[in-house]
Amino acid sequence: MTDVTFILHDGTRRIVDVADGISVMQAAVMENIKGIDGECGGCLSCATCHVYVESLEAGELPAKDPDEDALLEGVAAELRPESRLACQIVMSPALVGLVVRVPERQV
């Protein structure tokens, strides 16, 4: 299990312990993290799990694939270099210290 810190739009921080193999989106939905909808269930077709990766203490995130990049072009909130879809970030020990910020809106 690895912790991920969610920073909500109002600045509230929620730390969630996530099992390896579970996506950040799945963890957010299971823990009722406000602002991450995950409407498609992680099928890479809706972009309602857009987050900004704030920091990562160890390891690296997997690279964005072209489908994720394409969906990110249509997000409702500001697109930034640190924008990712939480459904594409699968937790593992390599992601120790992961902090993601939830954007102001998803739709």
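The values are calculated or read from the model by the stated rules, or taken from the named source; none is laboratory data. Please read these numbers as outputs of a predicted model, since none were measured by experiment. Cβ sites come from the backbone with ideal geometry, for glycine too, and all protein chains shown count toward neighbours.
Worth a mention:
- Residue within the stretch 38-46 that is in contact with a helix residue (DSSP H, G or I) (Cβ under 6 Å, 6 or more places away or on another chain) and among the aliphatic types (A, V, I, L, M) present: yes
- Among the criteria (1) surrounded by fewer than 14 Cβ atoms within 10 Å (Cβ to Cβ); (2) at negative phi, the one Cys87 does not fulfil is (1).
- Test: Ala63 is surrounded by fewer than 20 Cβ atoms within 10 Å (Cβ to Cβ), in contact with a Pro (Cβ under 7 Å, 6 or more places away or on another chain), assigned to a loop (DSSP other than H, G, I, E, B) and among the small types (Gly, Ala, Ser): no
- Selection status of Ala63, closer than 22 Å to His9 by Cβ and either at pLDDT below 95 or touching a helix residue (DSSP H, G or I) at 6+ places or on another chain (Cβ under 7 Å) (or both): no
- Search result, residues across the stretch 42-60 that are surrounded by 12 or more Cβ atoms within 10 Å (Cβ to Cβ) and either under 18 Å from Val102 (Cα atoms) or of a type in the set (A, V, I, L, M) (or both): Gly42, Leu44, Cys46, Ala47, Thr48, Cys49, His50, Val51, Tyr52, Val53, Glu54, Leu56
- A single member of Gly35, Gly41 is touching a residue at least 60 places away in the same chain (Cβ under 8 Å) and on the phi > 0 side of the Ramachandran plot, and it is Gly35.
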